[in-house]
Amino acid sequence: MKKAAGVSGHRSATAPVAGQPVPAGAAADLSTRGRVTQLLLEQGATTAAQLGSALGLSPAGIRRHLDAMLADGDVIAREQTVQGHRGRGRPAKVFVLTEAGRGRCGTHHYDNMATAALRWIASTGGPEAVEVFAAEQVSALEARCRAAMEDAGDDPLARAEALAGALTAEGYAANASTIASGGQLCQHHCPVAHVAAEFPQLCEAETAVISRLVGTHVQRLATIAHGDGVCTTHIPTQPGRAQSGKTITTTVRTDK
């Protein structure tokens with residue numbers, strides 16, 4: 001009964017009656033859920049305990065907000081992936097934003113118009129025209145990130161870390177980490193995910209930019225546009241370069 005009451009309260013808070021002020025308690029709930037949404041956007045799959053700790057909420061408090069967000073379709077819960085040996089007991093659940101949850105962040109404005117424009121470009125100029133358009137669109141982003149990475153040095157992993165900071169400033173909620181096989185650049189937000197789902201040239205152009213900025217061959221392992229929770233780019237320990245001196249990019253499609 002308590003759980004049902006919590007969900008009911010969330011629905012009245014998210015859909016206030018026109019002309020009536022939002023109660024203080026409901027406004028506080030909306031503010032907290034906005035912070036939960038932002039954390040999930042930035043960090044990707046996160047446990048309830050991690051969210052509660054970051055927000056200073058008790059286990060019961062964060063569970064109340066997550067239950068409401070689950071009921072509204074803003075998040076989904078799934079089992080946590082554990083690397084290596086796993087102890088006894090069921091793995092912890094992690095929470096991930098749904099497309100609806102991402103949409104509440106104001107991330108998909110003008111998607112329909114952008115998709116229609118790209119369809120027109122493809123129908124009049126063919127796939128090559130879409131590739132040219134995609135490259136042109138990311139050129140300004142590349143220039144801004146390159147300027148922000150000016151003091152990053154030549155090491156690809158150090159450059160990836162600097163690039164993550166630059167991309168975060170651009171709204172991509174990115175982070176870089178070192179793994180056994182090299183480095184990994186993760187982007188937890190994609191401003192053009194819906195459009196890129198139909199036009200992968202946008203992802204390919206972005207991958208090429210990452211390769212040039214990091215200064216080595218990279219491999220795109222996952223993308224939000226194709227249903228993954230995070231755009232993940234692998235940076236091998238031993239870089240591979242083309243004989244022409246240009247970097248090579250590889251995009252791995254994750255369509256199922």
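Looking only at residues of the range 77-95 that are closer than 19 Å to H188 by Cβ and either open to solvent by less than 80 Å² (accessible area, probe 1.4 Å) or in a helix (DSSP H, G or I) (or both), we find that the one that is modelled with the lowest pLDDT is Q80. The set of residues in the range 120-138 that are within 24 Å of R212 (Cβ to Cβ) and of a type in the set (A, V, I, L, M) comprises I121, A129, V130, V132, A134, A135, V138. Restricted to the range 136-157, and to residues there that are of a type outside the set (G, A, S) and closer than 15 Å to A174 by Cβ, the residue that is surrounded by the fewest Cβ atoms within 10 Å (Cβ to Cβ) is R144.
Looking across the range 111-135 at every residue that is open to solvent by 70 Å² or more (accessible area, probe 1.4 Å) and over 20 Å from P191 (Cα atoms), the one that is farthest from the chain's Cα centre (by Cα) is identified as T124. Per this entry, A114 is not counted among residues that are in a helix (DSSP H, G or I) and at pLDDT below 80.
For every residue, the table says whether it meets (1) more than 16 Å from C231 (Cβ to Cβ); (2) at pLDDT 95 or above.
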{"site": "V138", "(1), (2)": "no, no"}
{"site": "L141", "(1), (2)": "no, no"}
{"site": "C145", "(1), (2)": "no, yes"}
{"site": "E150", "(1), (2)": "yes, no"}
{"site": "G153", "(1), (2)": "yes, no"}
{"site": "A158", "(1), (2)": "yes, no"}
{"site": "L163", "(1), (2)": "no, yes"}
{"site": "T168", "(1), (2)": "no, no"}
{"site": "G171", "(1), (2)": "no, no"}
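The combined condition, being more than 19 Å from D111 (Cα to Cα) and at pLDDT 85 or above, is fulfilled by A176. Scanning the range 24-68 for residues that are farther than 22 Å from A173 by Cα, small (G, A, S), open to solvent by 30 Å² or more (accessible area, probe 1.4 Å) and at pLDDT 85 or above yields S58, A60. Residues of the range 147-158 include at least one that is part of a helix (DSSP H, G or I) and out of contact with any helix residue (DSSP H, G or I) (no Cβ under 9 Å at 6 or more places or on another chain). Applying a threshold of 7 Å to beta carbon distances and a minimum spacing of six or more residues, or different chains, the list of pairs starting in the range 31-43 at a residue that is within 22 Å of A176 (Cα to Cα) and ending at one that is modelled with pLDDT of 85 or more and open to solvent by 30 Å² or more (accessible area, probe 1.4 Å) reads L39/A54.
The values are calculated or read from the model by the stated rules, or taken from the named source; none is laboratory data. All figures in this text were calculated on a predicted structure; none of them were measured in a lab. Please note: Cβ atoms are built from the backbone with ideal geometry, for glycine as well, and neighbour counts cover all protein chains shown. Please note that ligands, DNA and RNA were not included when accessible areas were found on the heavy atoms of the full protein model with its side chains. Shrake-Rupley method; radii C 1.70, N 1.55, O 1.52, S 1.80 Å.
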